[in-house]
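The values are calculated or read from the model by the stated rules, or taken from the named source; none is laboratory data. Computed from a prediction, not measured in an experiment: that's the story for all the values here. Neighbour counts run over all protein chains shown; Cβ positions are idealised from the backbone, glycine included.
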Number of protein chains: 2
Amino acid sequence: MRILAKDMLAAAQKRHQEEVEAAGWIHRIRDMGGIRFVILRDRSGLLQLVLSEAGTSTEASAEGSPLGADLTLESVVVARGIPALNEKAPGGVELRLRSLECLSKAAGDLPFQVNGDVSKIGLESILDNRSLSLRNPKIRSIFKIQSTIIEAFAAYLRQQDFIEIKTSKLVGSGTEGGTNLFAVDYFDRKVYLAQSPQLYKQTMVAAGLERVFEIGAVYRAEKHDTPRHLNEYVSLDVELGFIESEKELIELEKNLLAYIFAQVIEKNAADIALWNAVIPDPASVARAPTVSYEECLKIVNAEAVRGGKSAASASARIFDITPEAERLLCEWSLREHGSDLAFVNEFPRRHRPFYTYPLSSGSGTGEAAALTMSFDAIFRGLEITSGSRRQHDYNALAEALPKFGLRPEDMAGYLAVFKYGCPPHGGFAIGCERLTQKLLGLPNVKEASLFPRDRKRVEP
Amino acid sequence: MRILAKDMLAAAQKRHQEEVEAAGWIHRIRDMGGIRFVILRDRSGLLQLVLSEAGTSTEASAEGSPLGADLTLESVVVARGIPALNEKAPGGVELRLRSLECLSKAAGDLPFQVNGDVSKIGLESILDNRSLSLRNPKIRSIFKIQSTIIEAFAAYLRQQDFIEIKTSKLVGSGTEGGTNLFAVDYFDRKVYLAQSPQLYKQTMVAAGLERVFEIGAVYRAEKHDTPRHLNEYVSLDVELGFIESEKELIELEKNLLAYIFAQVIEKNAADIALWNAVIPDPASVARAPTVSYEECLKIVNAEAVRGGKSAASASARIFDITPEAERLLCEWSLREHGSDLAFVNEFPRRHRPFYTYPLSSGSGTGEAAALTMSFDAIFRGLEITSGSRRQHDYNALAEALPKFGLRPEDMAGYLAVFKYGCPPHGGFAIGCERLTQKLLGLPNVKEASLFPRDRKRVEP
């Protein structure tokens with residue numbers, strides 16, 4: 001029976017002198033005089049194999065060459081032998097080989113050193129060669145953590161009585177008016193790849209499911225090529241009914257992120273260590289401040305002056321929540337509140353989609369009416385979430401559409417959702433790759449996507 | 001604080017004479033002389049509200065009309081009152097109202113009766129009006145069960161040390177040669193919607209993750225419009241390394257399905273009851289027989305004769321695993337093995353994709369070499385899974401391609417995955433909607449998709 005690298009120490013302690021089997025990839029080969037050490041890598045870790053003259057197998061020696069003489073790095077092998085304690089070996093154990101069977105021999109022209117320093121492999125090479133780059137434990141750890149993020153996101157929401165939904169990614173038209181959509185040839189017509197499950201998750205709340213979440217791909221046909229954008233990404237979407245304002249959504253997201261971080265800390269300690277990453281503790285998430293859009297601009301401008309990075313001149317003023325502003329806000333949040341996370345709410349209406357709920361219910365005071373029950377979450381200098389309470393009133397929505405250049409007749413499908421009773425509701429979405437990126441401090445969000453898509457990259 | 005319908009009995013028992021709040025949709029209204037009974041529906045169930053003259057609220061009576069006089073079915077309300085035990089009310093409790101606030105008034109022209117018999121609503125109407133049809137507890141229950149299926153699928157595989165992955169649905173070309181693909185306008189070129197994450201999950205195994213699963217959308221540009229096909233569906237994908245044959249995959253799928261069914265039984269008892277559905281017990285899943293493709297044809301032909309549904313004439317013989325054959329095989333499996341599930345393995349090579357591993361390793365005996373380590377799972381007369389061990393040898397794959405009309409140069413990206421060491425591996429995929437359909441006995445798979453896509457339907 002196969003024993004994983006991580007369980008070999010226990011096997012050495014328990015089954016003294018009993019032959020066991022290990023299987024995996026050849027990670028490293030070291031010749032030390034008459035003894036050859038091979039490091040085997042499996043999904044659980046590394047294991048030292050010892051190949052000495054005394055331990056030649058019938059299988060290998062039948063070929064007339066010493067055991068493992070023709071091994072190549074990254075070949076897949078099954079190793080059989082006796083586990084033995086050795087304090088100097090990784091994990092304190094080694095396998096003294098009796099036989100070594102090659103299941104799949106790797107070609108000798110590896111495009112980069114799998115067992116080496118990740119920083120020496122360029123991003124393009126990492127992405128072009130996923131079947132090799134993911135063999136590096138540090139690169140693989142990104143996706144072990146991402147798997148935990150997805151698991152924890154779902155687990156927390158299920159605990160809060162949310163239902164997981166799966167909605168179509170092929171839509172007849174875009175919720176927000178058809179810009180930035182990829183068109184699909186769908187039999188004899190065009191449809192579009194969904195920018196978000198916005199309409200569908202709202203439909204589910206109106207339909208009485210009340211609390212739903214979805215984990216799925218979303219598509220943005222945006223031409224920019226930056227370290228923070230992907231044309232296809234995994235959106236962690238949440239929507240719930242019977243809320244009064246975006247503040248309840250912010251509270252939910254704080255609790256959700258605190259839970260996700262706690263799970264990552266619990267389940268991925270070794271992966272975190274490979275990146276020297278610091279995962280925020282739940283208390284620091286709870287401390288995350290919420291500032292209004294207007295306050296945020298004041299804070300980031302003061303922060304820019306403070307850092308001496310910007311003159312206090314009018315021309316250098318930050319007038320919007322730019323990437324620079326996001327960075328400065330988090331610097332401030334960390335210093336003043338001890339939190340890597342900050343929320344910005346009450347965005348002006350012009351910055352948000354038509355369905356965003358107004359802050360005051362049209363009291364007539366121009367300024368107040370122009371703000372919305374919306375928010376962004378900024379984590380370590382990067383927006384990871386956008387959310388809002390939504391307009392649930394049919395007539396108010398129908399009136400809002402023309403102000404956003406949309407025609408009610410084009411949005412009939414959207415409006416229909418609100419015709420037969422829809423509770424006040426709202427939601428948000430977390431970008432899964434951005435959250436992964438910022439947890440580990442990856443320079444580029446593409447590193448947090450197994451097969452990222454950008455303007456040029458559609459392979460592999 | 002809001003109390004859900006399911007928790008109101010406990011509230012009545014605990015907080016005697018204390019006012020509480022319920023919120024939800026108006027499910028039914030009954031006038032009984034001087035008393036009006038309203039059934040409120042929330043995500044947890046139904047609750048009886050009692051509106052009597054004595055209990056008129058200031059909010060409603062200020063309008064000069066009796067409490068709830070202008071209520072419409074499906075409007076969203078917040079009800080405040082005193083919970084009281086009443087054996088005749090649903091759940092043994094009712095809320096004696098003090099006030100009733102309407103949050104969202106439903107238009108009076110409901111296209112069908114939400115609180116009525118589901119069988120009287122046509123499928124098209126159910127799908128056209130998801131925000132209404134899902135309010136029917138029976139229709140909603142389909143997706144509560146589907147949420148459990150997805151949860152249990154992931155939970156079982158995580159227990160078995162699998163990692164969840166998310167791969168791109170936009171591919172440069174199709175794994176199986178480009179037929180049945182939807183084309184996407186991707187900036188200045190064409191890409192395609194992935195038919196399956198096949199290549200990606202194999203890449204992950206080769207990359208040393210060894211055991212992966214993915215829950216994601218897949219796309220088939222097939223023109224047929226049947227009760228068993230969708231053009232977009234949720235594929236529950238599994239792939240793992242270090243296997244010897246498809247038999248280990250069948251064993252894994254049995255354990256996985258047994259776990260999923262046990263979770264559905266545990267978590268969705270009320271939902272199952274609405275459909276009078278019988279969820280297979282784990283023992284019956286374990287009893288599921290595996291028959292070879294050849295045996296299967298013998299069984300279904302015998303079964304056809306036995307049922308008197310087919311003459312034993314040559315012209316009526318079943319020569320392939322048609323929908324009729326799938327139905328007959330499950331009849332046989334249920335009668336002979338007491339199982340709703342059956343596996344068919346060892347398909348001839350012509351029926352399976354090029355990457356399927358041959359049953360004998362090219363021993364030269366023509367017959368044996370033409371079979372494969374492949375299988376289908378048939379559940380209650382419907383194929384829900386296709387799987388196989390895959391060819392992991394670079395040279396064998398390169399040699400197989402031309403036999404399937406594929407050119408190695410077109411498949412360079414696929415071949416590259418096997419160049420640097422790939423363990424023997426295999427996997428399978430379960431169609432989530434088909435599994436849901438068959439668990440509940442739904443006539444059409446579209447009923448098990450929130451927003452199904454077929455040749456004509458791309459809305460809502």
Tell me yes or no: at least one residue of segment A:243-251 is within 14 Å of chain B (Cβ to nearest Cβ) and not acidic (Asp, Glu).
yes
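In segment B:332-345, what residues are surrounded by fewer than 17 Cβ atoms within 10 Å (Cβ to Cβ) and within 15 Å of B:Glu303 (Cβ to Cβ)? Outline the logic, then answer.
Step one: filter segment B:332-345 for residues surrounded by fewer than 17 Cβ atoms within 10 Å (Cβ to Cβ), giving B:334-338.
Within segment B:332-345, B:Leu334, B:Arg335, B:Glu336, B:His337 meet the criteria.
Of everything in segment B:172-181 that's surrounded by fewer than 21 Cβ atoms within 10 Å (Cβ to Cβ) and not acidic (Asp, Glu), which residue is farthest from the other protein chains (Cβ to nearest Cβ)?
Step one: of segment B:172-181, the residues surrounded by fewer than 21 Cβ atoms within 10 Å (Cβ to Cβ) are B:172-174, B:176-180.
Filter once more, keeping what is not acidic (Asp, Glu): B:172-174, B:177-180.
On the way: B:Gly172: 5, B:Ser173: 9, B:Gly174: 13, B:Gly177: 16, B:Gly178: 13, B:Thr179: 14, B:Asn180: 12 Å.
Here the answer is B:Gly177.
For the subset of segment A:82-106 comprising residues that are closer than 18 Å to A:Asp70 by Cα and not in a strand (DSSP E or B), which member is farthest from the chain's Cα centre (by Cα)?
Among those residues, the one meeting the criterion is A:Lys105.
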Within the set of pairs 6 or more residues apart or between chains, which connect a residue that is away from chain A (no Cβ under 12 Å) and touching a residue at least 12 places away in the same chain (Cβ under 8 Å) inside segment B:215-233 to a residue that is part of a strand (DSSP E or B) and not acidic (Asp, Glu) with Cβ atoms less than 7 Å apart?
B:Arg228/B:Leu382
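Regarding B:Arg327, is this residue basic (Lys, Arg), farther than 30 Å from B:Leu199 by Cβ and at pLDDT 95 or above? Outline the logic, then answer.
Details: basic (Lys, Arg): yes; farther than 30 Å from B:Leu199 by Cβ: yes; at pLDDT 95 or above: yes.
So B:Arg327 fits the description; yes.
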From the set of residues in segment B:154-205 that are touching a residue at least 24 places away in the same chain (Cβ under 8 Å), assigned to a loop (DSSP other than H, G, I, E, B) and of a type in the set (Phe, Trp, Tyr), which is farthest from B:Gly413 (Cα to Cα)?
B:Phe162
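Take the residues in segment A:127-136 that are part of a helix (DSSP H, G or I) and not acidic (Asp, Glu), then tell me which one is farthest from the other protein chains (Cβ to nearest Cβ). Full working, then the answer.
If we filter segment A:127-136 for residues that are part of a helix (DSSP H, G or I), which is where we start, we get A:127-128, A:130-133.
Checking which are not acidic (Asp, Glu) leaves us with A:127, A:130-133.
Details: A:Leu127: 11, A:Arg130: 6, A:Ser131: 4, A:Leu132: 6, A:Ser133: 8 Å.
Among them, the one singled out is A:Leu127.
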Complete set of residues in segment A:24-64 that are at pLDDT 95 or above and over 18 Å from A:Val114 (Cα atoms)
A:Leu49, A:Val50
Only one of (1) out of contact with any strand residue (DSSP E or B) (no Cβ under 6 Å at 6 or more places or on another chain); (2) among the hydroxyl-bearing types (Ser, Thr, Tyr); (3) more than 29 Å from B:Pro443 (Cβ to Cβ) does not apply to B:Ser99, and that is (1)
For segment A:65-83, which residues satisfy the criterion of being at pLDDT 95 or above and touching an Asp or Glu at 6+ places or on another chain (Cβ under 8 Å)?
A:Val77, A:Val78, A:Ala79, A:Arg80, A:Gly81, A:Ile82, A:Pro83
Those residues of segment B:66-99 which are away from every other protein chain (no Cβ under 14 Å) and within 19 Å of A:Gly208 (Cβ to Cβ), in sequence order:
B:Pro90, B:Gly91, B:Leu95
Within segment B:137-146, residues being touching a Phe, Trp or Tyr at 6+ places or on another chain (Cβ under 9 Å) and either over 13 Å from A:Lys166 (Cα atoms) or at the interface with chain A (Cβ under 7 Å from one of its Cβ atoms) (or both) number 2
Read through the list (1) within 14 Å of chain B (Cβ to nearest Cβ); (2) surrounded by fewer than 18 Cβ atoms within 10 Å (Cβ to Cβ); (3) within 27 Å of the chain's Cα centre (by Cα), then give the number of the only condition that A:Gly116 fails.
(1)
State whether one or more residues within segment B:190-201 are in contact with an Asp or Glu (Cβ under 6 Å, 6 or more places away or on another chain) and crowded, with 20+ Cβ neighbours inside 10 Å.
yes
